[in-house]
Amino acid sequence: MIYDKTSEKELVSLIILGDEKAFRFVFDRYYQGLVRFSCSYTHDTFVAENIVQESYVLLWEKKHELDIDSNLHAFLTKIVKLKTWNHIEKQRRRMDIEKDLYDDFSRELNLKLYSLESMNVSGIYISEIEKIVQETLQTLPEQTQMIFKLSRDEFLPNRKIAEQMNLSEKSIEYHISKVLKVLRLELSDYLKIIILINSL
């Protein structure tokens, strides 16, 4: 049978009946175009090919649910679109999780810089350092103080602070970096003393 001269309705009917050659004809007709479509979003040919192949498998498994007036190309494109969307959404969620982990690690390092809680120093130095931190914060703009306190006291990642303050993450990073830079300057003498004590 010459399938390229077969109407769309006839192809659908044959596929519904389980005609593997008709299915293969439809596969060859649309495969490359669907791969290019998916790849334009995934930017990964291997991933796009898997998505398209899974879409054809789904078409074959659901062939008995097809309507005689079904547009096979539109039907396959819809499946590929949804599967591509799911793939990208999973990537986005994974990146969000990785970013949260990075923010947690970054926040921990920043806390160590200004609080020196990980260092073995006497209570008097900790008390004096905390006083300097508080006095230094009071000299900074109110918005900068709030951002730093949300990071330090409430342990919020930069992304959450940005959402709460209606600012970009870059802006949050800028404010926190500004505070840390000022604190490093103000605490430079104490850092030298603490390093000397811990080296004894």
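For each of SER168, SER151, count neighbouring Cβ atoms within 10 Å of the residue's Cβ, then give the residues from fewest to most.
Result, fewest neighbours first: SER168, SER151.
For the range 1-91, what is the Kirkwood hydrodynamic radius in Å, using each pair of distinct C-alpha atoms? List each step's numbers first, then the result.
Numbers: mean 1/r = 0.0744 Å⁻¹.
Across the range 1-91, the inverse of the average 1/r is 13.4 Å.
Taking the number of other C-beta atoms within 10 Å as the exposure measure, put THR42, THR144 in order starting with the fewest.
Going from sparsest to densest Cβ surroundings: THR144, THR42.
What list do you get for GLU163, GLU173, GLU98 if you sort them by fewest beta carbons within 10 Å?
Arranged by neighbour count, lowest to highest, GLU163, GLU173, GLU98 become GLU98, GLU163, GLU173.
At a Förster radius of 35 Å, what calculated FRET efficiency corresponds to the Cβ-Cβ distance of GLN53 and SER168, to the nearest 0.05?
0.30
Check the straight Cα-Cα distances from LYS62 and name the lysines below 29 Å, setting aside those fewer than 8 residues away within the same chain.
LYS5, LYS9, LYS21, LYS78, LYS81, LYS83, LYS90
Mind listing which trypsin sites (Lys or Arg not before Pro) in the range 5-82 are in a DSSP loop and have 11 or fewer other Cβ atoms within 10 Å?
LYS62
Any read-out appearing in this document is the output of simple, stated calculations on the displayed coordinates, not a laboratory observation. None of the values given here were measured: they were computed from a predicted structure. Cβ coordinates were reconstructed from backbone atoms using ideal geometry, including for glycine residues, and neighbour counts include every protein chain displayed.
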